[in-house]
Amino acid sequence: MRTGTLRHRVTLQEFVEIVDEYGTPIGEGWEDIATVWAAVEPITGREYIELHNTQSELSHKVTMRYRPGVTPANRLLFNGRQFDIQSVLNLEERNRELQLMCKEKVGG
C-alpha cells in the first residue's frame, strides 16, 4: 500500500440490537464502529468480466489498513452511499491491509 492512496473516509458499521436502559430489546439498527481512511475504487470493466461468473453483483473494491473483526456482516458508508461487504481479504495474510469486495446498495 503506497502512502497517499488511502484518500477516502469511510465508516464501518455493524448491525446491532437496540436496548433500553433496562436491557429490554426495543429494535435493531446500524451502529458506527469506526471511521477510517480507505481507497474506494469501482471495479473496472476487465475486473467485472473476470468476476462475472462468480460475483456478478460486485461493484467496488475498498482497500484499508488491517482492522480485526471486519466481516461481511458489516457494511460501509461512503459519501452518503451504502456498500454491503461481500468478502474480506487479508492481503498476503500479513495483517497489514484488507481488501473488501463490495456491492453498492441502490434505492430503499
Open item on the list: If a residue must be small (Gly, Ala, Ser) and either in contact with a Phe, Trp or Tyr (Cβ under 7 Å, 6 or more places away or on another chain) or open to solvent by 100 Å² or more (accessible area, probe 1.4 Å) (or both), how many such residues does region 12-32 contain?
Closed with: 0
Open item on the list: Can you pull out every residue in region 16-39 that is charged (D, E, K, R) and more than 27 Å from Lys61 (Cβ to Cβ)?
Closed with: Glu17, Asp20, Glu21, Glu28
Open item on the list: Between Gly4, Gly80, Gly27, Gly23, which is more than 17 Å from Glu104 (Cβ to Cβ), small (Gly, Ala, Ser), more than 12 Å from the chain's Cα centre (by Cα) and at pLDDT 90 or above?
Closed with: Gly27
Open item on the list: Cβ-Cβ under 7 Å, sequence separation 6+ or interchain: first residue in region 85-108 and among the basic types (Lys, Arg), partner open to solvent by 50 Å² or more (accessible area, probe 1.4 Å). Which pairs?
Closed with: Arg96/Tyr66; Lys103/Glu57; Lys103/Asp84; Lys103/Gln86; Lys105/Gln82; Lys105/Asp84
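The values are calculated or read from the model by the stated rules, or taken from the named source; none is laboratory data. The model shown is predicted, which means the values in this text are computed figures rather than measured ones. Quick reminder, even Gly has a Cβ in these numbers, built from the backbone with ideal geometry, and neighbours come from all protein chains shown. With ligands, DNA and RNA removed, areas are computed over all heavy atoms of the protein, side chains included. Shrake-Rupley method; radii C 1.70, N 1.55, O 1.52, S 1.80 Å.
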